[in-house]
Amino acid sequence: MTDVEKRETAVAGPGWDYAPAPEARDVVQLRERYGLFVGGEWLEPTETYTTISPATEEPLAEIAQATPEEVARAVAAAREAFENGWSALPGSERAKYLFRIARILQERAREFAVLESLNGGKPIKESRDVDVPLAAAHFFYHAGWADKLEYAFPNRRPQPLGVAGQIIPWNFPLLMLAWKIAPALASGNTVVLKPAETTPLSALLFCDVLRQAELPPGVVNIVTGDGRAGAALVESPVDKIAFTGSTEVGKAIQRQLAGKHVKLTLELGGKAANVIFDDAAIDQAVEGIVNGIYFNQGHVCCAGSRLFVQESVVEDVIRKLKRRMGTLRVGDPLDKNTDVGAINSRQQLEKIQELVASGEEEGAQIFQPACRLPEKGYWFAPTVFTDVAQSYRIAQEEIFGPVLSVLTFRTPEEALEKANNTPYGLSAGVWTEKGSRILWMAERLRAGVVWANTYNRFDPASPFGGYRESGFGREGGRHGLEGYLRFE
Ligand code: NAP
Ligand code: MG
């Protein structure tokens, strides 16, 4: 263990430590090597790479790097499954499979939680209490819609699109898979899904769930690999592309699909404003700030990464925030006491380091609580910047790490103007005692989701998605189903 570089502003830790409380790893059985899941079978890969644990840099398994030919085989398998049975199944039959998948995910929850933390670096209490239960909830929710599409869209005669190509990121691997696959199957489509290069293991374990649920072969196909596999999927003859990831790749996909008859939804980055008014319950707001930016190491597209605090309470808020940050436990993702786990990859760590250095250079004040980081693996201490100007890169660009930028305001109008001063528009938070002020802000904030006196709340029934550079289309709720349907 090494001490984080000492900062002048660092406060002393509590002087004692929690005893280790590691979750057992042996609930997960890894294979040495994984192929591609195509037409219900495992295809031997032609090319492979190694997936690791970001907390220890320990190699976990060999993973297939899908070639364009292999992606084409997966798309052909999905097409065949769509045409030979799946699309003609009554909704009530499709629902049975979705219910089964949901129940199996619940039964195998511990296995999935451990695997998700092992491969992605997120704390076990998050995978156990958030990622896995929400993934199951998405399958339950969409199972309920499968035989009710006519009621969801009365007089519009909803029809499936065909084959959906789905590309997901590494921050919530299993949950993003559920957000994508559940609505696609509920509305009668078949799927080829590409997980992120760094976090393929939960999607590969999910193939086992599909077999257990006896889902017909080819209805869901999983192709692993880096961005090249994703690009090949976008190029292939699919009817829909659903993408979650960076704005840059999202724009490239949009260009690639221009003029083609392929339905597209994009869920991209964000730089959300979390706005604290002086009449807010400050202690609760501090919990909301911490949850907003340090949850999942800040690898969250809707993270509350820009904090706006009304000037009259800024000292109080910052003092309480720093004290609270001193109690965050950073370390082993498989320890049940861990609050902040490992950064997902070396590449992401370097990006965070580069942006944090720019914040210091541009003149912001940095604070990191004293904490000990493991020597191996990818780690970054929870960080807050004060004295931030709107023009600084740390106030403009998505850092996608545990780094908060604090700005201040005097009036609601000023808060609104500053909050909306971003090319993104995914989410926002408002903390105030006044209901009328919540409504006033929510109406004017240009964001797809606005949380009031809470943050990072998710429910499968509630549509999620952005505006502007945060993308278009919604996931969850009836709005999410619409992205997988055409209307006659
Ligand atoms: P990314 O490159 O956009 O990755 C998202 C997914 O797209 C991954 O599966 C990725 O494969 C794949 N991909 C990459 N290039 C592609 C291409 N040309 N065509 C089709 N698919 C392609 O994002 P990232 O590299 O993981 O992270 C970069 C930044 O994106 C982050 O720092 C963050 O700002 C943002 N991000 C946003 C979200 C979100 O939830 N909105 C999630 C993750 C990241 P690989 O895994 O091989 O890259
Ligand atoms: Mg990438």
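Could you please give the count of residues in the stretch 301-320 that are outside any loop (DSSP other than H, G, I, E, B) and either buried (at least 22 other Cβ atoms within 10 Å of the Cβ) or modelled with pLDDT under 95 (or both)?
The first filter runs over the stretch 301-320 and keeps only residues outside any loop (DSSP other than H, G, I, E, B), leaving 306-320.
Still in the list and also either buried (at least 22 other Cβ atoms within 10 Å of the Cβ) or modelled with pLDDT under 95 (or both): 306-310, 317.
So the count comes out to 6.
Can you say whether I222 is touching a residue at least 60 places away in the same chain (Cβ under 8 Å), buried (at least 24 other Cβ atoms within 10 Å of the Cβ) and farther than 28 Å from N456 by Cα, as far as the supplied structure shows? Before you say what the answer is, go through the steps one by one.
On the way: touching a residue at least 60 places away in the same chain (Cβ under 8 Å): yes; buried (at least 24 other Cβ atoms within 10 Å of the Cβ): yes; farther than 28 Å from N456 by Cα: yes.
Yes, satisfied.
Within the stretch 329-351, how many residues turn out to be in contact with a strand residue (DSSP E or B) (Cβ under 9 Å, 6 or more places away or on another chain), over 17 Å from V403 (Cα atoms) and not β-branched (V, I, T)?
Adding up the residues that qualify gives 4.
Restricting to the stretch 241-267, give me the number of residues that are farther than 20 Å from F172 by Cβ and near ligand 1 (Cβ under 7 Å from one of its atoms). Steps first, answer last, please.
Taking the stretch 241-267 and keeping what is farther than 20 Å from F172 by Cβ, we get 251-252, 254-264.
Within this subset, residues satisfying the condition of being near ligand 1 (Cβ under 7 Å from one of its atoms) are 252.
Counting residues in the stretch 241-267 that are farther than 20 Å from F172 by Cβ and near ligand 1 (Cβ under 7 Å from one of its atoms) gives 1.
Within the stretch 196-219, is even one residue among the charged types (D, E, K, R), more than 14 Å from ligand 1 (Cβ to nearest atom) and without any contact (Cβ under 8 Å) to a residue 40 or more places away in the chain? I'd like the intermediate steps shown before the answer.
Initial filter on the stretch 196-219 (among the charged types (D, E, K, R)): 197, 208, 211, 214.
From the residues that got through so far, the ones that are more than 14 Å from ligand 1 (Cβ to nearest atom) too are 208, 211, 214.
Still in the running and without any contact (Cβ under 8 Å) to a residue 40 or more places away in the chain: 208.
Yes, the stretch 196-219 contains a residue that is among the charged types (D, E, K, R), more than 14 Å from ligand 1 (Cβ to nearest atom) and without any contact (Cβ under 8 Å) to a residue 40 or more places away in the chain.
Residues checked against (1) surrounded by 18 or more Cβ atoms within 10 Å (Cβ to Cβ); (2) away from ligand 2 (no atom under 16 Å from the Cβ); (3) under 22 Å from the mean Cα position of the chain (by Cα):
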residue	(1), (2), (3)
A242	yes, yes, yes
T247	yes, no, yes
R255	no, yes, no
A258	no, yes, no
T265	yes, yes, yes
G270	yes, yes, yes
D278	no, yes, no
A281	no, yes, no
G288	yes, yes, yes
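G425 is checked against (1) in contact with a strand residue (DSSP E or B) (Cβ under 8 Å, 6 or more places away or on another chain); (2) over 30 Å from E57 (Cβ atoms); (3) buried (at least 20 other Cβ atoms within 10 Å of the Cβ); (4) assigned by TED's automatic domain parsing to the domain that holds I293 and fails just one. What number does that condition carry?
Only one criterion is unmet by G425, namely (1).
How many residues does the stretch 51-64 hold that are surrounded by 13 or more Cβ atoms within 10 Å (Cβ to Cβ) and closer than 19 Å to P333 by Cβ? Full working, then the answer.
Residues of the stretch 51-64 surrounded by 13 or more Cβ atoms within 10 Å (Cβ to Cβ): 51-56, 60-64.
Narrowing further to those that are closer than 19 Å to P333 by Cβ: 51-56, 60-61.
Count: 8.
Can you say whether I438 is of a type outside the set (G, A, S), without any contact (Cβ under 8 Å) to a residue 60 or more places away in the chain and in contact with a Phe, Trp or Tyr (Cβ under 7 Å, 6 or more places away or on another chain), as far as the supplied structure shows? Full working, then the answer.
On the way: of a type outside the set (G, A, S): yes; without any contact (Cβ under 8 Å) to a residue 60 or more places away in the chain: yes; in contact with a Phe, Trp or Tyr (Cβ under 7 Å, 6 or more places away or on another chain): no.
The answer is no for I438.
Quick check: anything in the stretch 15-38 in contact (Cβ under 8 Å) with a residue 40 or more places away in the chain, in a loop (DSSP other than H, G, I, E, B) and in contact with a Pro (Cβ under 6 Å, 6 or more places away or on another chain)? Walk me through it before giving the result.
Residues of the stretch 15-38 that are in contact (Cβ under 8 Å) with a residue 40 or more places away in the chain, as a first pass: 18, 20-25, 27-28, 30, 34, 36-38.
After this cut, where a residue has to be in a loop (DSSP other than H, G, I, E, B) as well, the list is 18, 20-21, 23-25, 27-28, 30, 34.
If we keep only those that are in contact with a Pro (Cβ under 6 Å, 6 or more places away or on another chain) too, we end up with none.
Checked the stretch 15-38: no residue is in contact (Cβ under 8 Å) with a residue 40 or more places away in the chain, in a loop (DSSP other than H, G, I, E, B) and in contact with a Pro (Cβ under 6 Å, 6 or more places away or on another chain).
Would you say S436 is polar (S, T, N, Q) and in a strand (DSSP E or B)?
Details: polar (S, T, N, Q): yes; in a strand (DSSP E or B): no.
The answer is no for S436.
State all residues of the stretch 36-50 that are surrounded by fewer than 23 Cβ atoms within 10 Å (Cβ to Cβ), under 18 Å from A229 (Cβ atoms) and not charged (D, E, K, R); if no residue qualifies, say none.
Within the stretch 36-50, G39, W42, L43, P45, T46, T48, Y49, T50 meet the criteria.
So if I check each of A415, A419, A395, which one is within 16 Å of ligand 1 (Cβ to nearest atom) and surrounded by 15 or more Cβ atoms within 10 Å (Cβ to Cβ)? It would help to see each step written out before you state the result.
On the way: A415 fails: within 16 Å of ligand 1 (Cβ to nearest atom); A419 fails: within 16 Å of ligand 1 (Cβ to nearest atom).
The unique qualifying residue is A395.
At pLDDT 95 or above, among the aliphatic types (A, V, I, L, M), closer than 21 Å to G250 by Cα and away from ligand 1 (no atom under 15 Å from the Cβ), is that true of A184? Spell out the reasoning first.
Working: at pLDDT 95 or above: yes; among the aliphatic types (A, V, I, L, M): yes; closer than 21 Å to G250 by Cα: yes; away from ligand 1 (no atom under 15 Å from the Cβ): yes.
Considered against the rule, which asks whether it is at pLDDT 95 or above, among the aliphatic types (A, V, I, L, M), closer than 21 Å to G250 by Cα and away from ligand 1 (no atom under 15 Å from the Cβ), A184 comes out as yes.
Would you point out which residue out of A178, A203, A242 is assigned to a helix (DSSP H, G or I), within 22 Å of R79 (Cβ to Cβ) and either among the aliphatic types (A, V, I, L, M) or in contact with a strand residue (DSSP E or B) (Cβ under 6 Å, 6 or more places away or on another chain) (or both)?
On the way: A178 fails: within 22 Å of R79 (Cβ to Cβ); A242 fails: assigned to a helix (DSSP H, G or I).
Going through A178, A203, A242 in turn, the sole match is A203.
The values are calculated or read from the model by the stated rules, or taken from the named source; none is laboratory data. Remember, it's a predicted structure, so these values are computed and weren't measured experimentally. Cβ coordinates were reconstructed from backbone atoms using ideal geometry, including for glycine residues, and neighbour counts include every protein chain displayed.
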